1. Looking at the range 193-215, can you tell me whether even one residue there is outside any loop (DSSP other than H, G, I, E, B), within 30 Å of Glu88 (Cα to Cα) and touching a Pro at 6+ places or on another chain (Cβ under 8 Å)?
2. Of all residues in the range 257-288, which are open to solvent by less than 70 Å² (accessible area, probe 1.4 Å) and of a type in the set (Phe, Trp, Tyr)?
3. Looking at this structure, is Arg107 open to solvent by 20 Å² or more (accessible area, probe 1.4 Å), more than 26 Å from the chain's Cα centre (by Cα) and of a type in the set (D, E, K, R)?
4. Filter the range 137-192 down to the residues that are in a strand (DSSP E or B) and of a type in the set (Lys, Arg) and list them by number.
5. Among the numbered criteria (1) within 30 Å of Val123 (Cα to Cα); (2) surrounded by 15 or more Cβ atoms within 10 Å (Cβ to Cβ), which single criterion is violated by Ala194?
6. Got a number for residues in the range 66-95 being open to solvent by less than 50 Å² (accessible area, probe 1.4 Å) and closer than 19 Å to Glu175 by Cα?
7. So which residues in the range 316-354 are over 30 Å from Cys172 (Cβ atoms), exposed (fewer than 15 other Cβ atoms within 10 Å of the Cβ) and at pLDDT 90 or above?
Amino acid sequence: MSLLYLLIIVSFVKVSTECLANSQQVSNMEDTDRKHVITHVSALNVTSTLDDVLKPRKYDRRIRPGFKHTPVVIYTDILLRSMGPISEKDMVYSIEIYFRQRWMDARLATNMSIENISLNIKVLERLWYPDTVFYNGRQSYLHFIPTPNRFIRISPNGSMYFSQRLTVKAICQMELQNYPLDSQICDLQIGSFAYSYDDVVYAWRYGPLNSVQLATDMTMSQFDLINYSATSLNFSRKGDVHSCLMVRFGLRRHTGYFLIHVVTPCSLLVVLSWVSFWINREATADRIALGTTTVLTMTFLALDTRDELPRVTYATALDLYVAMCFIFVLSTLVQFAIVHLFTKKGHSDTCTSPPYVDSSDDENVPFCRHPRPRTAERIASTEQNVHKNRVFVTRKESRMKVWFSSLKFKGHKSQKRGHDEANSVSQIDKVCRCAFPITFVILNIAYWSFYLTRKEFDF
């Protein structure tokens, strides 16, 4: 009997649990449906409210907010995502930014309880928004992948928030006198294309110090961003005063590329040209070949360094360094010409007669242009020697004797000249071995001290 009561109680508890779970599930479904209904009703309210506000009779997108009253203030801030490339040849720099604008349009104020409404970008076709342009822009565009990178948000009080992702190519007037040891200041000027100061005023949303922000992962390959500042100003154009915002970027160029690809090769070519000071001055072909090769190589480097620069009317710092190296290389060639001109000795073309040999038996035997005088005494003495020694040689043996005799004479003469003149070292070469390196080092110290200590820029 007790077992039966226990089974009845367990069954009752199980049924009660299932009923409670089912009722809770039904309640959750009702809450979800209620939320969906509320959301749908809210969406319908927002849609109907916007349709009512944006009716052509109530809202004209062709007229700015506050027309004929106070000018509309456009609060602006910028997030800089990346910067570069920067072209010295075109004097243009490129930046990628998130460009954000806020303004108040009282005509869009509603009584909705929703704090902010993010709208589709197509709504812009029915709204007024500022005609903001970059005054010094050259070629800018909006990002459209995968969709147009822009959105708009409306607050119940009529506050508008408009954000865009842009890539801006702007003109930067560069001063390249110190190139590549230079620092540049590039401006970005923002303002209205058509509205004057009486209609539209631009201001920094968070003040000049905090309205321009940099992405934490931003890096640059050509320059370092040393400093930047934001200011607001007014300027006159065609008789009207316009409001303008300006961002100034202070850039300092990386010099590692130029040290590796220009300065080091030029310096090594100069050092290579000094090798001719240790080459024998009689080795004319060797010294001329070395000097010509270094001059032509320096010419190629000088022309190559100008390819990435505009055709400015002044010389840059890199031009001066290349010109200095070119002068040193050319000077070594001129120095050898001076050595060859003023220290050449012992190269007369006059003939010094070898020991006399009678070559009447063969016309091809070399003999001196100045014939040996034949006196009667010498002829008689020669005939006596011939008869005493009774030496009869063939024509071939006579030729060999003549050749050995001439070779011995020339070797003796060449050896004497080699000790006296041929292998002597020019005093000019000895002086240039020290003078050229010392002068080059002094000029390098003066050059780098002058350009590295110059003032970069002043904001």
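The values are calculated or read from the model by the stated rules, or taken from the named source; none is laboratory data. Since we're looking at a predicted model, the values are computed, not measured. Neighbour counts run over all protein chains shown; Cβ positions are idealised from the backbone, glycine included. SASA here: full protein model, heavy atoms, side chains in, ligands and nucleic acids out. Shrake-Rupley method; radii C 1.70, N 1.55, O 1.52, S 1.80 Å.
1. So far as the range 193-215 goes, no, none of its residues is outside any loop (DSSP other than H, G, I, E, B), within 30 Å of Glu88 (Cα to Cα) and touching a Pro at 6+ places or on another chain (Cβ under 8 Å).
2. Phe258, Trp274, Phe277
3. In short, yes.
4. Arg150, Arg153, Arg165, Lys169
5. (2)
6. Residues in the range 66-95 being open to solvent by less than 50 Å² (accessible area, probe 1.4 Å) and closer than 19 Å to Glu175 by Cα: 8 in total.
7. Ile327, Val334
Conditions (1) touching a Lys or Arg at 6+ places or on another chain (Cβ under 9 Å); (2) exposed (fewer than 12 other Cβ atoms within 10 Å of the Cβ); (3) modelled with pLDDT under 90, marked per residue:
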| position | (1), (2), (3) |
| --- | --- |
| Val212 | no, no, no |
| Thr219 | no, yes, yes |
| Tyr228 | yes, no, no |
| Thr231 | yes, no, no |
| Ser236 | no, yes, yes |
| Asp240 | no, no, yes |
| Arg248 | no, no, no |
